[in-house]
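Each reported figure results from applying straightforward, stated rules to the coordinates on display, with no laboratory input. For clarity, every value in this text was computed on a predicted model and none was experimentally measured. Note that we place each Cβ from the backbone using ideal geometry, even for glycine, and neighbour counts take in every protein chain shown.
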Amino acid sequence: MAEILDKVPRSPQQIKDEQDASVASSLKKIRNKFVVMSGKGGVGKTSTSVNLAIALADKGFDVGIMDVDLHGPDVPRMLGLTGMPDVNRNRKLDPIRFSEKLAAISMESFLPQRDDAVIWRGPLKFSAIRQFIADVEWGDLDFLIIDSPPGTGDEPLTVAQQIPDAKAVIVTTPQEVALADVRKSINFCRTVKLEIFGLVENMSGLNCPHCGELIDLFGAGGGDRTAREMNIPFLGRVPIDPRMVACGDTGVSFQSTYPDSAVTKAFRAIADQMAKSKGAD
């Protein structure tokens, strides 16, 4: 019977209605959704997404990462994930597992070569993000972390429209050029009615490996000041640690490798605040 039904022509409206139902069903099983955004590139948005997901998974939560940075997907590399997602008996994709508690889906997993360019306009990106929600077997999750590309374009707008109960974690660095762009992200969230969970100041100082003195490479205090001025919560500062680069490039968990580092403590503290949000008790 199923094979016969599969051959029955369906109208575009029927297909859309079915996908709408699948999107709603998938999201209903996810208790908390956070979209990690940045006003500009180069502020460490993906490393923030990955490390927050790892910190939450280490606390025992079931976590998924949805990488909607379609043109520059880096989540699989940072988690050391390879291969394509499997199709299960429900004809849905199983996200690729990093650990028992953490799995991810990303456009990179579908590219013939990792360095292939994704040359898409808005409608294709909208469709892909819908499929990442509807056609992936996320199951029951405590948290879905959505890694969004820089700026206020198609991808974050689609997330805001398709996942109306998502909360934004906005990432910045301390210098003014990044803060100017992050204020645009804050105003974007307010315009599209996307709740802002808070602001993270990444790359916030470097402890000299020789003398231990804190060096403010990109200035200091800009994130905290901007959060106060824009009346949003300030979630904390994440310092620079050169060892993060090696871990990200090799797909190794920084937090597992350096559990006592200032970076690990910072991400765990932010994850604690996320865990206290509604539905994660």
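Structural remarks
- FRET efficiency estimate (nearest 0.05) - Cβ-Cβ, Glu100 to Val177, R0 30 angstrom: 0.15
- Loop trypsin sites (Lys or Arg not before Pro), segment 244-280 (other Cβ atoms within 10 Å of the site Cβ: 12 or fewer; DSSP): Lys276, Lys278
- The loop-placed GluC sites (Glu not before Pro) in segment 90-181, going by DSSP, that have at most 11 neighbouring Cβ atoms within 10 Å of their Cβ come out as Glu100.
- Spin-label model distance (nm) - Gln113 vs Ala269, 7 Å beyond Cα toward Cβ: 4.5 nm
- Long-range HN-HN contacts of Ser38 with modeled amide H, under 5 Å: Gly151, Val171
- Selection from Phe34, Val87, Cys247, by position along the positive dipole direction of segment 14-275 (Cβ): Phe34
- Label corresponding to log10 I(q)/I(0) by the Debye sum over Cα atoms at q = 0.08, 0.09 Å⁻¹ when calculated from the structure given, among (1) -0.33, -0.42; (2) -0.75, -0.80; (3) -0.49, -0.57: (1)
- The modelled label-to-label distance between Met84 and Arg121, using points 7 Å beyond Cα along the C-beta direction, is 2.7 nm.
- For segment 14-275, the dipole from Cβ point charges (+1 on Lys and Arg, -1 on Asp and Glu) about the Cα centre works out to 480 debye, to the nearest 20.
- The mean sequence distance of close C-alpha pairs (under 8 Å, at least 6 residues apart), as a share of the length of segment 116-219, puts its relative contact order at 22 percent.
- Segment 14-275 - percent relative contact order, Cα under 8 Å, separation 6 or more: 25 percent
- Total formal charge among the other residues, if their Cβ is under 15 angstrom from that of Gly80, Lys/Arg +1 and Asp/Glu -1: -1
- Using 0.36 nm per residue and subtracting the Cα-Cα separation, the extra length available between Ile215 and Ala24 on full extension is 64.0 nm.
- Taking label points 7 Å from Cα along the Cα-to-Cβ direction, Thr191 and Asp249 give a separation of 3.8 nm.
- Each helix, a run of at least 4 DSSP H residues, gives -39500 (n - 2.57); summed and divided by the residues of the chain, these come to -12000 deg cm²/dmol at 222 nm.
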